[in-house]
1. Among (1) under 12 Å from the mean Cα position of the chain (by Cα); (2) farther than 17 Å from Met62 by Cβ; (3) of a type in the set (A, V, I, L, M, F, W, C), which single condition is Ile127 missing?
2. Being hydroxyl-bearing (Ser, Thr, Tyr) and not in a helix (DSSP H, G or I) is the filter here; which residues of region 53-99 pass it?
3. Please verify whether Met41 is part of a helix (DSSP H, G or I), modelled with pLDDT under 75 and surrounded by 12 or more Cβ atoms within 10 Å (Cβ to Cβ), treating the condition exactly as stated.
4. It is to be established whether one or more residues within region 24-33 are touching a Gly at 6+ places or on another chain (Cβ under 8 Å) and assigned to a helix (DSSP H, G or I).
5. Could you tell me which numbered condition Val61 fails, if it satisfies all but one of (1) buried (at least 19 other Cβ atoms within 10 Å of the Cβ); (2) over 27 Å from Val130 (Cα atoms); (3) not small (Gly, Ala, Ser)?
Amino acid sequence: MTSIVVPKEYGYRKQAGLGYPKAYADSSDMSAADADRKKKMYLFNCAKRAEDNYHENHASVMAAMLISGVQYPLTTTGLSVVWMAGRLVYALGYTRTDKSKGEGRLAGSFFWFAQLGLFGLTAWTGIKMVL
């Protein structure tokens, strides 16, 4: 069994002081906050965008993994591991405090190559099944 330990300092929403159901810290929240809280709200927004970007890609990549894994299980596994590592680096980079405007996320952009590879492999698997 695997367990995940979340550190006590984790929780961008709590640190930013934003309650549910608020999805993002908007301009009215930012204008009413002091400098320290603005930075925490900014980091919350970055973490939320990284999560939303993940969800935008997740369903199509999972479908590609299922389809391409039928014919090419090892290649699919390799591309999937690269994709997951890229998404992790992307999310961690997005919330880096030493980079402005979320530029840290660019370090994880290599996930796109794995994602395109999975889509190509899925298309090739479909072509081979039809022919």
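The values are calculated or read from the model by the stated rules, or taken from the named source; none is laboratory data. Keep in mind the model is a prediction, meaning the values are calculated, not measured. Glycine gets a Cβ as well: all are built from the backbone with ideal geometry, and neighbour counts include every protein chain shown.
1. So Ile127 meets the others, but not (1).
2. Selection gives Tyr72, Thr95, Thr97.
3. No, not satisfied.
4. So far as region 24-33 goes, no, none of its residues is touching a Gly at 6+ places or on another chain (Cβ under 8 Å) and assigned to a helix (DSSP H, G or I).
5. (2)
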